[in-house]
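Single-structure report; data block below.
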Amino acid sequence: MTEITIDPTLCSGCGICVRTCPYGILQLTDDADVASVIPERVDFCSHCGHCSAICPDNAITISYEGAGPVPDLSREDIPTAGALSRLMVSRRSIREYQKKPVPQDILSQIFDIIRYAPTGMNGQSVHWLVVQDPKEIRELIGRVIDWARMVVRDQPAHPLAPILPVMITEWEEGRDRICHRAPQIIFASSHKDNPIGFVDAIIALTHLDLAAPVFGLGTCWAGILQIALSSSPELMESIGLPKDFVSHYAMMIGYPATSYPGIPVRNAASVTWR
Ligand SMILES: Cc1cc2nc3c(=O)[nH]c(=O)nc-3n(C[C@H](O)[C@H](O)[C@H](O)COP(=O)(O)O)c2cc1C
Ligand code: SF4
Ligand code: SF4
């Protein structure tokens, strides 16, 4: 249950929270000089927490089941434009990883940051699955290779058909071009009926992708793996998500075995200005 509490001894009646709430759940009535909750609208609260975060007098407390701790960060921690540009431009897809797995507490720190990624109607719909057992990863890639063999055999018009034979051959020779021997694979999932779950997952993975280098980690979007999962219900089932959840995308993660001293060229931004 959602509880929004406004402490009338702290509230100055400035009205910022009333204007901020996207669902008009708060009010300042003519006969009161402090804000209050409109009880019949509380069910629309999306737990965005903006009212509480914006209140200059710290008068609003919001609590709901499942809410995690609020990070304690100083304003000085916000990167400069230069530091952020460097991070975003120098992020690379990593295709060679050290063998050592990323400690679980480092991944937990990252999940704790990226739970603040935006989600449709603040639905916070993303469920993460981290597969880190080497045997389980090997078996999963083996099943993806079986799927690839089937595509090459039965679906010559499949868009991936031209590149899959190389991946099959390399796997047979002991190399992994599907997940590049990453020590961990992360799946961003949500309930299959959530209409915005895919977008939530992609945004959250993008935040993960950007946060990883700050922790000395490298990532790579696992496109072939995800295409295989999305086209084979048996494969999707085999990764063991909660019932009726689907993986929207998978990402490799690990300590990079290589580094990029340079920055590759990219197209100029394509923008229409009106
Ligand atoms: C949706 C998506 C799927 C991708 N799938 C793969 C993949 O299966 N294997 C791979 O090695 N790289 C994959 N990549 C990485 C892209 O090839 C890479 O982002 C692109 O070449 C640009 O390089 P950069 O990320 O280092 O800037 C994928 C990237 C995206 C965004
Ligand atoms: S923002 Fe805070 S101080 Fe201002 S009206 Fe809302 S609860 Fe009261
Ligand atoms: S948490 Fe968000 S939706 Fe809920 S009352 Fe506050 S501002 Fe409105």
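The values are calculated or read from the model by the stated rules, or taken from the named source; none is laboratory data. Please read these numbers as outputs of a predicted model, since none were measured by experiment. FYI the Cβ positions are ideal-geometry reconstructions off the backbone, even for glycines, and counts take in every protein chain you see.
Here's the yes/no breakdown for (1) outside any helix (DSSP H, G or I); (2) in the same structural domain as Leu229 (by TED's automatic domain parsing); (3) over 26 Å from Arg175 (Cα atoms):
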residue: Arg86; (1), (2), (3): no, yes, yes
residue: Lys99; (1), (2), (3): yes, yes, no
residue: Ile106; (1), (2), (3): no, yes, yes
residue: Ile110; (1), (2), (3): no, yes, yes
residue: Ala117; (1), (2), (3): yes, yes, yes
residue: Trp128; (1), (2), (3): yes, yes, yes
residue: Arg138; (1), (2), (3): no, yes, no
residue: Gly142; (1), (2), (3): no, yes, no
residue: Val152; (1), (2), (3): no, yes, no
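Exactly one residue out of Ala188, Ala211 is in contact with a helix residue (DSSP H, G or I) (Cβ under 6 Å, 6 or more places away or on another chain), under 28 Å from Arg86 (Cβ atoms), of a type in the set (A, V, I, L, M) and not in a helix (DSSP H, G or I), and it is Ala188.
What are the residues in the range 133-159 that are β-branched (Val, Ile, Thr) and closer than 18 Å to Ile239 by Cβ, if any? Quick ask: steps written out before the conclusion?
Step one: list which residues in the range 133-159 are β-branched (Val, Ile, Thr), which gives 137, 141, 144-145, 151-152.
Correct list: Ile137, Ile141, Val144, Ile145.
Looking at Ala250, Ala201, Ala182, just one residue is in a strand (DSSP E or B), under 23 Å from Val102 (Cβ atoms) and under 19 Å from the mean Cα position of the chain (by Cα), and that residue is Ala250. Only one of the listed residues (Leu241, Leu225, Leu229, Leu235) is in contact with a strand residue (DSSP E or B) (Cβ under 7 Å, 6 or more places away or on another chain) and away from ligand 1 (no atom under 13 Å from the Cβ). That residue is Leu241. Just one of the numbered conditions (1) buried (at least 16 other Cβ atoms within 10 Å of the Cβ); (2) within 26 Å of Ile186 (Cβ to Cβ); (3) touching a strand residue (DSSP E or B) at 6+ places or on another chain (Cβ under 6 Å) is not true of Ser93: (1). In contact (Cβ under 8 Å) with a residue 40 or more places away in the chain and on the phi > 0 side of the Ramachandran plot - does that describe any residue in the range 174-194? Yes, the conditions are met somewhere in the range 174-194.
When the range 244-264 is filtered for residues that are in contact (Cβ under 8 Å) with a residue 60 or more places away in the chain and of a type in the set (A, V, I, L, M), the ones remaining, listed by number, are Ala250, Met251, Met252, Ile253, Ala257, Ile263.
Which of the residues belonging to the range 48-66 are more than 16 Å from ligand 2 (Cβ to nearest atom) and either aromatic (Phe, Trp, Tyr) or closer than 20 Å to His207 by Cα (or both)? The one that is more than 16 Å from ligand 2 (Cβ to nearest atom) and either aromatic (Phe, Trp, Tyr) or closer than 20 Å to His207 by Cα (or both): Tyr64.
Within the span defined as the range 52-72, every residue fails to be surrounded by 13 or more Cβ atoms within 10 Å (Cβ to Cβ) and within 16 Å of ligand 1 (Cβ to nearest atom).
Looking only at residues of the range 73-90 that are loosely packed, with under 10 Cβ neighbours inside 10 Å and hydrophobic (A, V, I, L, M, F, W, C), we find that the one that is farthest from Asp176 (Cα to Cα) is Leu73. Taking every residue in the range 25-39 that is touching a residue at least 12 places away in the same chain (Cβ under 8 Å) and pairing it with any residue that is among the aromatic types (Phe, Trp, Tyr), at least 6 positions away or on another chain, the pairs with Cβ-Cβ distances below 8 Å are Ile25/Phe44. Only one of the numbered conditions (1) more than 30 Å from Asp77 (Cα to Cα); (2) surrounded by 17 or more Cβ atoms within 10 Å (Cβ to Cβ) is violated by Ile196, and that is (2).
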